[in-house]
Amino acid sequence: MSKARSLFWRALGVFMNHVKLSAVLAVLMLFASVSYGQSLGDVARQQRQKQQQTKATAPHKVITNEDLPAHSADDADSASVTTTEDSKRAAASSSSAGKKTAEEWKSQIQAQKAKVAAMQSDVDKLNASVHYVEANRYTNGVQYNQAQLRKQQESERLQKRLDEQKKALSDMQEACRRAGFGSAVYEP
């Protein structure tokens, strides 16, 4: 029996060594697979490189005059200059060519005030919509800020036109005052 017992223990020892070796190999394979996997930083770096490659290969859009709106800022500026000049001519011609009635003055001044108020509202809304972001915190922060800069430049152009319209209103009110009408007419 002792021979059988020793054979049993020997076989058990071989089996246990085999199990230990299998366990060690399994652990080694587990560590190898974990170390083979990519880190989150590697994945992000690869994504960034792919995006840069697609940006470099993407065709740029060419904007032509047909893509622009019917009224550009230059047209609007020239229109406001024309409107200002027209109102000055109207004020000058009315004082020399004939007298306007109080109602005519009042309606013209009210129309000009309404135009100024509408333009002021547009400028205020545009100014309120301009919000810059930290460019490096967002993926498209630079493009977003460029759009905000264009909004701000448009707002400045509108503000210039608004100032011209306010000057035209002031000139109309002064012409009305010089024509001898009271503040009830030129300050409706």
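The values are calculated or read from the model by the stated rules, or taken from the named source; none is laboratory data. The shown structure was predicted, so the numbers you read here are calculated from the model rather than taken from an experiment. FYI the Cβ positions are ideal-geometry reconstructions off the backbone, even for glycines, and counts take in every protein chain you see.
Determine whether R177 is buried (at least 16 other Cβ atoms within 10 Å of the Cβ) and among the basic types (K, R).
In short, no.
How about region 143-188: which of its residues are part of a helix (DSSP H, G or I) and of a type in the set (A, V, I, L, M)? Quick ask: steps written out before the conclusion?
Quick first cut of region 143-188, residues part of a helix (DSSP H, G or I) only: 143-178, 183-186.
If the condition is that a residue be part of a helix (DSSP H, G or I) and of a type in the set (A, V, I, L, M), then A147, L149, L158, L162, A168, L169, M172, A175, A184, V185 are the ones that fit.
I'd like the residue in region 128-142 that is under 12 Å from the mean Cα position of the chain (by Cα) and among the polar types (S, T, N, Q) and, out of all such residues, is modelled with the lowest pLDDT.
For region 128-142, the residue satisfying everything is N140.
Filter region 140-188 down to residues that are in contact (Cβ under 8 Å) with a residue 24 or more places away in the chain and of a type in the set (S, T, Y), then give me how many there are.
Here the count works out to 2.
Given the residues A79, A111, which is the only one that is surrounded by 10 or more Cβ atoms within 10 Å (Cβ to Cβ), at pLDDT below 70 and in a helix (DSSP H, G or I)?
Among A79, A111, only A79 is surrounded by 10 or more Cβ atoms within 10 Å (Cβ to Cβ), at pLDDT below 70 and in a helix (DSSP H, G or I).
Please determine whether any residue of region 19-38 is under 30 Å from T139 (Cα atoms) and either modelled with pLDDT of 65 or more or not in a helix (DSSP H, G or I) (or both).
Looking through region 19-38, at least one residue is under 30 Å from T139 (Cα atoms) and either modelled with pLDDT of 65 or more or not in a helix (DSSP H, G or I) (or both).
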